[in-house]
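Structure record follows, encoded as structure tokens.
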Amino acid sequence: MLINKHTFSSFRNVARGLAAQRIAMGAVTENIANASTTRTPDGTPYAIKRALHEVEDGRYKRFDTLLNKIQGDMELTNARHLGGSSLRRRLSDVEMGPLTTVEPTQAYRTEFDPSHPHADEQGYVQYPDINVVEEMARLVSAHRIYEANLSAFQTAKEMAKRTLEI
């Protein structure tokens, strides 16, 4: 039996989903831990972290690149098929799934507390504008998506195992 790089592509895709949600959960937990941090080492209040999954206009940019690449090549192929193995080569050239980055967001709320060591001249303290309830909802959502990816991994693993048994 020949095992090639396409055999385990589902594992690669699931791994990307797991990594994206791990990054998202990390950003959320950091926000919750720093909800009352008024000063960071650079002297500013904590900046809220948001995990961004490379989406533009509701579509994944890398997936758009893939579709455009395939559609552009479709004109050159026979109308009855999509090019067989050349389609696989084109699919493997483009990364699938979101690219996740963490971006800081400068959003602050002020509270009057003249006794606080970081209060300004008027007695106001700047805190990061973190709503812990919203952050917990983001954490639960990311965790559920992470669990769904784990389930997909288990299914792909079982399919690969059964394929090798044949």
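Observations
- Filter pass, SER151 being modelled with pLDDT under 85, exposed (fewer than 13 other Cβ atoms within 10 Å of the Cβ) and either part of a helix (DSSP H, G or I) or of a type in the set (A, V, I, L, M) (or both): no
- Qualifying residue in the range 47-61 (condition: surrounded by 14 or more Cβ atoms within 10 Å (Cβ to Cβ), assigned to a helix (DSSP H, G or I), at pLDDT below 85 and of a type in the set (Lys, Arg)): no
- In the range 120-166, the residues that are in contact with a strand residue (DSSP E or B) (Cβ under 9 Å, 6 or more places away or on another chain) and without any contact (Cβ under 8 Å) to a residue 12 or more places away in the chain: ASP120, GLN122, GLY123
- Set side by side, the residues ARG39, ARG22, ARG16 differ, and just one is out of contact with any strand residue (DSSP E or B) (no Cβ under 7 Å at 6 or more places or on another chain), surrounded by fewer than 14 Cβ atoms within 10 Å (Cβ to Cβ) and of a type in the set (Lys, Arg), which is ARG39.
- Contact map, the range 100-119: residues that are closer than 17 Å to ALA51 by Cβ paired with residues that are in a loop (DSSP other than H, G, I, E, B) and of a type in the set (D, E, K, R), Cβ distance under 6 Å, separation 6+ or inter-chain. Pairs shown: ALA107/ASP129.
- The range 101-120: number of residues that are out of contact with any Lys or Arg (no Cβ under 8 Å at 6 or more places or on another chain), in a loop (DSSP other than H, G, I, E, B) and surrounded by fewer than 16 Cβ atoms within 10 Å (Cβ to Cβ): 8
- In the set ARG80, ARG89, ARG144, only one residue is assigned to a helix (DSSP H, G or I), surrounded by fewer than 15 Cβ atoms within 10 Å (Cβ to Cβ) and at pLDDT below 55; that residue is ARG89.
- Of all residues making up the range 121-131, the number that are surrounded by fewer than 12 Cβ atoms within 10 Å (Cβ to Cβ) and either farther than 22 Å from PRO45 by Cα or under 21 Å from the mean Cα position of the chain (by Cα) (or both): 0
The values are calculated or read from the model by the stated rules, or taken from the named source; none is laboratory data. Small disclaimer: the values here were computed from a predicted structure and weren't measured. Positions of Cβ are generated from backbone atoms using ideal geometry, with glycine treated the same way; all protein chains shown enter the neighbour counts.
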